[in-house]
Amino acid sequence: KAKDLGKNGWRLFEASMDAAFRNRQLMKADLRSAVEANALRIVYQPIVAMETMRIVSCEALCRWDHPDLGPISPAIFIPLAEEMGIISQVSELVLKAACAECAKWPSHISVSVNLSAKDFRDSDVVAKVRAALDGAKLAPNRLEIEVTETALLDDKAQTRELIQEIKKLGVRIALDDFGTGYSSLSYLHKLPLDKVKIDRSFLIDVVQSPRSLELLKGIVSLSRSLGLSVTIEGVETFEQLKILSQQIEPDLAQGFLFGSALSASGIETMSSTIWPFANDIAAPRKRPN
Ligand code: C2E
Ligand code: MG
Ligand code: MG
Ligand code: MG
């Protein structure tokens, strides 16, 4: 009897594995079509200067609306695209769209684009960045590339060279999700970085926990001492913003408090906004009146 149950259990397991596998295969086929049809959407999340509480930049984030399944998270489809070997096509689409939109925004707004570790396996990545800038006639200093620590771990020498070349174009380089990877600290001075984006996990209990606050302070001051500009990701509440403003003073902040990602025209609309809570933040420094 036990054996039969076991068998049944195994069959169920097999059946669901099979379904999951088929779903994945179907999803891959659909993703390929979506990329070929240029059907991925790009949205832009505002990035705000702490000193002025105005938008100075935004992050291009890729969206896929599946015809039957609805919106699929990039956390799912980006790894899928990497696995399928089509991530460089996705990156190319995002680079082109982001540069074209940015060229239409007021010139104080720049844009940042995420590249994947796999993009640096492909030495064409530099040409793709240059082509996107040229195609849009966008000044290189208005584009920033975000790379994660994983990308840097993958194939250090080649990746580092390619990043150097992109930087030589005049494009800025940011280390994304800082603190979530491995030997984070050792990378900070070895790479041609301009900026560190500190992962939102460091901000989560900064309001309640003095120890978390000290940790965040330490990371920010270390980054600063290496000459890097600092962005804090995941600012969701006014309390967090207040602590940032009073005790951390990062250069830039990004998070749902300022807004989630919006259309390119939404960024245009936001370009002259000063957030209403700007004046409520204690110790305003060089904020204009
Ligand atoms: P990321 O590059 O770290 O992007 C920031 C993610 O955090 C975005 O999720 C954004 O919506 C989310 N976020 C922003 N503010 C907040 C906040 O206040 N609270 C919380 N809980 N989350 C916040 P999204 O758009 O789902 O993207 C997830 C990840 O997918 C990105 O993380 C990035 O690694 C990847 N990704 C997205 N678009 C692209 C792309 O075009 N190319 C590549 N290679 N990766 C992409
Ligand atoms: Mg990013
Ligand atoms: Mg990030
Ligand atoms: Mg992230």
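The values are calculated or read from the model by the stated rules, or taken from the named source; none is laboratory data. Computed from a predicted model, the values in this text were never measured in an experiment. Note that each Cβ is placed from the backbone with ideal geometry, even for glycine, and that neighbours are counted across all protein chains shown.
Numerical summary
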read-out: Only one of Ser110, Ser123, Ser116 that is in contact (Cβ under 8 Å) with a residue 12 or more places away in the chain, in contact with a Lys or Arg (Cβ under 9 Å, 6 or more places away or on another chain) and of a type in the set (Ser, Thr, Tyr); value: Ser110
read-out: Of the criteria (1) in contact with a helix residue (DSSP H, G or I) (Cβ under 7 Å, 6 or more places away or on another chain); (2) under 21 Å from Ser112 (Cβ atoms); (3) at pLDDT below 95, which one Gly234 fails; value: (3)
read-out: Residue identified as more than 16 Å from ligand 4 (Cβ to nearest atom), more than 25 Å from Leu95 (Cα to Cα) and in contact (Cβ under 8 Å) with a residue 24 or more places away in the chain among Leu143, Leu216, Leu162, Leu203; value: Leu216
read-out: Residue identified as among the basic types (Lys, Arg), surrounded by fewer than 17 Cβ atoms within 10 Å (Cβ to Cβ) and at pLDDT 90 or above among Lys197, Lys217, Lys190; value: Lys217
read-out: Subset of the range 66-110 (residues that are surrounded by 13 or more Cβ atoms within 10 Å (Cβ to Cβ) and hydroxyl-bearing (Ser, Thr, Tyr)); value: Ser88, Ser91, Ser110
read-out: All positions within the range 79-92 that are within 16 Å of ligand 2 (Cβ to nearest atom) and of a type in the set (A, V, I, L, M, F, W, C); value: Ala81, Ile87, Val90
read-out: Residue in the range 235-245 that is within 27 Å of Leu152 (Cβ to Cβ) and surrounded by 13 or more Cβ atoms within 10 Å (Cβ to Cβ) present; value: yes
read-out: Hits in the range 165-183 - residues which are buried (at least 17 other Cβ atoms within 10 Å of the Cβ) and within 16 Å of ligand 1 (Cβ to nearest atom); value: Ile166, Val171, Arg172, Ile173, Ala174, Leu175, Asp176, Asp177, Phe178, Gly179, Gly181
read-out: Residue in the range 92-102 that is more than 16 Å from ligand 3 (Cβ to nearest atom) and in contact with a Ser or Thr (Cβ under 6 Å, 6 or more places away or on another chain) present; value: no
read-out: Single condition Lys118 does not satisfy, out of (1) crowded, with 20+ Cβ neighbours inside 10 Å; (2) farther than 30 Å from Ser272 by Cα; (3) within 16 Å of ligand 3 (Cβ to nearest atom); value: (3)
read-out: Residue match in the range 190-199 (condition: away from ligand 2 (no atom under 15 Å from the Cβ) and in contact with a helix residue (DSSP H, G or I) (Cβ under 6 Å, 6 or more places away or on another chain)); value: yes
read-out: Condition check for Ser91: modelled with pLDDT of 95 or more and under 16 Å from the mean Cα position of the chain (by Cα); value: yes
